[in-house]
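These notes are about the structure you will find just below.
The values are calculated or read from the model by the stated rules, or taken from the named source; none is laboratory data. Just so it is clear, the model here is predicted, and its values are computed rather than measured. Please note: Cβ atoms are built from the backbone with ideal geometry, for glycine as well, and neighbour counts cover all protein chains shown. Protein only, heavy atoms only, side chains kept; ligands, DNA and RNA dropped before computing areas. Shrake-Rupley method; radii C 1.70, N 1.55, O 1.52, S 1.80 Å.
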Amino acid sequence: MASSLNSGSPAPSIKVQHWLRGDPLSNFKLGKIYIPVFVSITCSGCGPALVRLAQLQEQYRYIGIEVIGIVANKRTATVDEALAEVDAWVTKWLPNANIRIAFDYSGEMDKLWMDASLSFQHPQAFVVDRDGSIAFIGHPDSLEDVLPKVTDGSWRASAEAKNAEKERIAEGEIDATENALRRRIRAADIEDWKSALSVIEEGINLFPDKISLRQSQVSMLIGEMRDMEAGWIALAQFARDAIERNSEDWLFAAVEEFFGPHYDYSELPFAERLSLGKELSERILILCAQQDALSLAESYETIAYYYNESGDNGLAVGLIELALNLVDGGPLPDEDKQEWLAHLLRVLTEYKGEAAFYGGIMPPPK
């Protein structure tokens, strides 16, 4: 699958029926720089990305830069229901919005921009240069470095821009192949599990760095097929690979597969599972020393699974209590903070075997 929208391409049309903030925009004016950014209300990083982009627009307003938030297709029973959900989300993140916000209910903008550029992740930013052509496609976090070079005219001809575009297209082609593979997995799953497992294993050979495929393999063997012998082999190999890679993402995923509430572990070798779990948890503790407060809270919650099951319930309880303090003092919107605190209280109640309280909050019923 080839990308038809690349750096240097003319910017596609703006085909939006619903503008939630700001005046409707029908075309890009020459001489201005526009940053359409595609977001989703189910994407955890999209709200913060919009906030940063609104600040970036203020920083560059004097030279005519405008950010346009485009909320990706959010399908519900009616357009009015979708608009209400999106409006509430925008209000939460940008209560005093100073950027235009559009809602792509029809999916037309997704086709013209996201699909055409092989973009599959949110948030995704596009920079439309003063001549109406695309100067950059990528994650909004890159704009602080890219935008000054776009504004002074040095970006598009630079080796940095060419390399970034080459890498983006290569990643997009991989994502397109992976998406096609996942469609095959879903189709095979409807027919029979063995066929789905075969496609998953094909995917692991194609994409050895994709954690989600390893998780799908374990889930299929243990959760669906109940092939505990083959499932344990796959699960143990996942853990050993995570330890060898010494990657936070792999270590986290492996601990969650080993001790999370996903499966009935009673038929798996208990001592071996605890031994690998101990090594995974110790690696996470070493790596998390440099994390910010919220990431550290997530780390503590994850490894508490292991300590609870290994019999060190006191340490598991202590880790959850530390996580509660970190989340409470973290920079989250109040709604998200209360939701996470309530979740941690449910876990703490389970570990303590009695009702747990924090700051006047009681654990909600399961």
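The helix-based estimate of mean residue ellipticity at 222 nm for the chain, built from -39,500 (n - 2.57) per DSSP H run of four or more residues and divided by its residue count, is -17500 deg cm²/dmol to the nearest 500. Within the stretch 269-360, which chymotrypsin sites (Phe, Trp or Tyr not before Pro) sit in a loop by DSSP and count at most 16 neighbouring Cβ atoms inside 10 Å? Of the chymotrypsin sites (Phe, Trp or Tyr not before Pro), the ones in loops of the stretch 269-360 whose Cβ has at most 16 other Cβ atoms within 10 Å are 357. Highest mobility in the GNM of the chain, judged by mean-square fluctuation with C-alpha springs under 10 Å and restricted to 196, 49, 180, is found for 180. Taken about its Cα centre, the chain carries a charge dipole of roughly 1160 debye when the Cβ of each Lys and Arg holds +1 and the Cβ of each Asp and Glu holds -1. Taking the convex hull of the alpha carbon positions in the stretch 214-345 and averaging its projected area over all directions gives 8.1 nm². Between the amide H of residue 68 and those of 35, 37, distances stay under 5 Å, these residues lying 5 or more places away or on another chain, with hydrogens modeled in the peptide plane. Once the chain from residue 139 to residue 332 is taken as fully extended at 0.36 nm per residue, the excess over their C-alpha distance is 67.3 nm. What a 1.4 Å probe finds exposed on the chain is 50% carbon and sulfur by accessible area, rounded to a whole percent.
Relative contact order of the stretch 83-173, taken over Cα pairs closer than 8 Å and 6 or more residues apart, is 21 percent. Rounded to the nearest 10 degrees, the inclination of helix 248-259 to the longest alpha-carbon principal axis of the chain is 40 degrees. Taking every lysine pair in the stretch 1-157 that is 8 or more places apart or spans two chains, those with Cα atoms closer than 28 Å amount to 12.
Build a GNM of the chain with springs between Cα atoms under 10 Å apart, and of 134, 286, 70 the one that fluctuates most is 286. Compactness of the chain, taken as the C-alpha radius of gyration over 2.2 N^0.38 Å, stands at 1.13.
Taking max minus min of the alpha-carbon positions on each principal axis, the stretch 183-231 gives extents of 25, 23, 13 Å, largest first. For residue 13 and residue 229, the difference between the fully extended length at 0.36 nm per residue and the C-alpha to C-alpha distance is 72.3 nm. First obtain the Kirkwood hydrodynamic radius of the stretch 133-201 from its Cα pairs, then insert it into the Stokes-Einstein equation at 10 °C and 1.306 mPa s, and state the resulting D in µm² per second as a whole number. The diffusion coefficient I find is 108 µm²/s.
The reciprocal of the average 1/r between distinct C-alpha atoms defines the Kirkwood hydrodynamic radius, which for the stretch 15-136 equals 14.5 Å.
Across all directions, the average flat footprint of the convex hull enclosing the Cα atoms of the stretch 176-263 is 5.5 nm².
Going by Cα centres, the stretch 145-184 and the stretch 249-312 are how many Å apart? Between the Cα centre of the stretch 145-184 and that of the stretch 249-312, the gap is 35 Å.
Between helix 228-245 and the chain there is an angle of about 60 degrees, using the helix long axis and the longest principal axis of the Cα atoms. Computed from the C-beta positions of residue 357 and residue 282 and an R0 of 35 Å, the FRET efficiency is 0.70 to the nearest 0.05. For the chain, the solvent-accessible area works out to 49 Å² per residue, with a probe of 1.4 Å and every protein chain left in place. How many percent of DSSP beta bridges within the chain run antiparallel, rounded to 5? Of the beta bridges lying entirely in the chain, close to 50 percent run antiparallel. What FRET efficiency would be calculated for the residue pair residue 52, residue 240, taking the C-beta separation as r and a Förster radius of 41 Å, to the nearest 0.05? Computed FRET efficiency for residue 52 and residue 240: 0.60. Here's the list of lysines a cross-link from residue 352 could span, going by alpha-carbon distance under 28 Å and ignoring same-chain residues fewer than 8 apart: 278, 337, 366. Taking all Cα pairs closer than 8 Å and separated by 6 or more residues, the relative contact order of the chain comes to 12 percent. The overall shape of the stretch 70-222 is oblate: from the C-alpha gyration tensor, with semi-axes ordered a ≥ b ≥ c, the ratio a/c is 1.5 or greater and a/b is no larger than b/c.
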